Amino acid sequence: MYYDLNPGKRILMGPGPSDVHPRVLKAMSTPLVGHLDPDFLEIMNETRAMLKEVFQTKNEMTIALSGTGSAGMEACLVNLLEPQDKAIVCVNGLFAERMVDIVKRCEAEPIIVEGEWGDIIEPEKVRESLQNNPNVKLLAIVHAETSTGVRQPLEDISRMVHDAEALFVVDAVTSLAGIPVKTDEWRIDAIYSGTQKCLSCPPGLSPVSFSDRALQAVDCRTRPVQSWYLDIGMLQSYWGKERFYHHTAPINMVYALRESLRLVLEEGLEKRFKRHFLHSKALVAGLEAMGLKMVAPAEYRLPELNAVYIPDEIDDVTVRKALLNEYGIEIGGGLGKFKGKAWRIGLMGYSCSKDNVMLLLAAMENILQGEGFKVREHGILAAQEVYEKE
Ligand SMILES: Cc1ncc(COP(=O)(O)O)c(C=O)c1O
């Protein structure tokens, strides 16, 4: 006998998914229409138009792929790379490591520019690599590294990549709708995101945008894209005027994304970015007042993903379990090199609010004290001070 679904009540403050706005949940239960129904085609058009605003681009080829953020990553790389192509991948965290894996599976040659986990990729290293490797097809980089909480500045690197006549590929899975993502201004040729982070939509779609330059590169391929499902040309015919059947769009997910984009645009991009910045500032003030240390330097810290070192004497899992069981709060553990060493606290989209910040700080303080950690000052007082100054 299986019972009604009844998962625990949670506040999602991990690295994603984030809490979903009730309006998005409601939109998901809108009755289905066929995936080629004229009404659905209009919904797809509206979704594309709003995605373009959020990506800050005029790129016509801006769509939502069926699949999570990894589908976007794979789509960008498999469409642009052919065997023997060279691709520079900037690696300072787990997600860039995955890009290297995909480049290899394309039978292309990855050239790695390495950075410390928890720090940015220095543009000078990129310049050197581009000089040492003429004829690279593309450079791929993560804008918001969810494994470390680092925001990678992109402007200088974009200039270098374009000077070298390569394509600029950016992972914006955790940045889109949380911090500025200026696709056109930063001359990004292929960019992808995910729905479950700062868009506060369930996981399931991957918004992507390809520049005309990137589409020309796809047109010039000497062999078909090895992935049929992620072939951007075929997807273009489905999302574009032809409406050529490619696959059955996950209709309710498109409803959900459309509603979450409406929420983003109703709030306004600038206001949304400021909200993320403010609550992160309050959270960090609280954590630091308690005596904890942030992973990323303040200048490059992501407001939507706050990575904080776990004090030496404290057990990672004990604290996360207590947060979940006693307070219903989910935060993330460390990934890769940061496993057991850092917590990842998400303040993404709908989860990014004062009540969540205060509850988490109070809960952490209680739990840490119970585990023997000497809390220096009350976290919530430090956070409150930040809010009062606003
Ligand atoms: C920076 C980054 N890239 C790619 C991914 C993969 O996305 P997904 O898990 O939605 O497939 C994630 C997921 O957390 C991510 O944070």
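The values are calculated or read from the model by the stated rules, or taken from the named source; none is laboratory data. Since this is a predicted model, take the numbers as computed values, not measurements. Please note: Cβ atoms are built from the backbone with ideal geometry, for glycine as well, and neighbour counts cover all protein chains shown. Just the protein is used for accessible areas: all its heavy atoms, side chains included, with ligands, DNA and RNA removed. Shrake-Rupley method; radii C 1.70, N 1.55, O 1.52, S 1.80 Å.
Annotation: of all residues in the stretch 337-382 being part of a loop (DSSP other than H, G, I, E, B) and closer than 27 Å to Pro22 by Cα, the one that is most open to solvent (accessible area, probe 1.4 Å) is Ser353. Of the residues contained in the stretch 223-231, one or more are found to be among the basic types (Lys, Arg), at pLDDT 95 or above and either open to solvent by 30 Å² or more (accessible area, probe 1.4 Å) or away from the ligand (no atom under 16 Å from the Cβ) (or both).
For (1) within 16 Å of the ligand (Cβ to nearest atom); (2) within 30 Å of Gly333 (Cβ to Cβ); (3) touching a His at 6+ places or on another chain (Cβ under 6 Å), each residue gets a yes or a no:
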site	(1), (2), (3)
Tyr3	no, yes, no
Val24	no, yes, no
Pro31	no, no, no
Asn92	yes, yes, no
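Looking at the stretch 65-93 only, could you name the residues that are part of a helix (DSSP H, G or I), under 19 Å from the mean Cα position of the chain (by Cα) and either surrounded by 19 or more Cβ atoms within 10 Å (Cβ to Cβ) or among the β-branched types (Val, Ile, Thr) (or both)? Result: Gly69, Ala71, Gly72, Met73, Glu74, Ala75, Cys76, Leu77. Here Arg301 passes the criteria (1) open to solvent by less than 20 Å² (accessible area, probe 1.4 Å); (2) touching a strand residue (DSSP E or B) at 6+ places or on another chain (Cβ under 8 Å); (3) in contact (Cβ under 8 Å) with a residue 40 or more places away in the chain except the one numbered (1). Scanning the stretch 135-157 for residues that are of a type in the set (S, T, N, Q), buried (at least 21 other Cβ atoms within 10 Å of the Cβ) and over 12 Å from the mean Cα position of the chain (by Cα) yields a total of 2.
Of the residues making up the stretch 180-194, those that are within 13 Å of the ligand (Cβ to nearest atom) and either under 19 Å from Ile232 (Cα atoms) or surrounded by fewer than 24 Cβ atoms within 10 Å (Cβ to Cβ) (or both) are Ile191, Tyr192, Ser193, Gly194. Considering only residues in the stretch 196-210 that are part of a loop (DSSP other than H, G, I, E, B), closer than 16 Å to Asn252 by Cα and near the ligand (Cβ under 8 Å from one of its atoms), the one that is most open to solvent (accessible area, probe 1.4 Å) turns out to be Pro203.
When we screen Ile63, Ile88, Ile141 for residues that are under 20 Å from Ile188 (Cβ atoms), in contact with a helix residue (DSSP H, G or I) (Cβ under 8 Å, 6 or more places away or on another chain) and within 14 Å of the ligand (Cβ to nearest atom), the only hit is Ile141. Number of residues in the stretch 36-58 that are under 26 Å from Ala172 (Cα atoms) and not in a helix (DSSP H, G or I) equals 3.
Of all residues in the stretch 26-47, those that are open to solvent by 40 Å² or more (accessible area, probe 1.4 Å) have Cβ atoms under 6 Å from Cβ atoms of residues that are part of a loop (DSSP other than H, G, I, E, B), 6 or more apart or on another chain, in Asp39/Val33. Can you find even one residue in the stretch 160-171 that is surrounded by 24 or more Cβ atoms within 10 Å (Cβ to Cβ), closer than 20 Å to Leu80 by Cβ and within 11 Å of the ligand (Cβ to nearest atom)? Looking through the stretch 160-171, at least one residue is surrounded by 24 or more Cβ atoms within 10 Å (Cβ to Cβ), closer than 20 Å to Leu80 by Cβ and within 11 Å of the ligand (Cβ to nearest atom). Selection over the stretch 101-134 of residues that are in a helix (DSSP H, G or I), more than 16 Å from Gln152 (Cβ to Cβ) and open to solvent by less than 10 Å² (accessible area, probe 1.4 Å) gives a count of 1.
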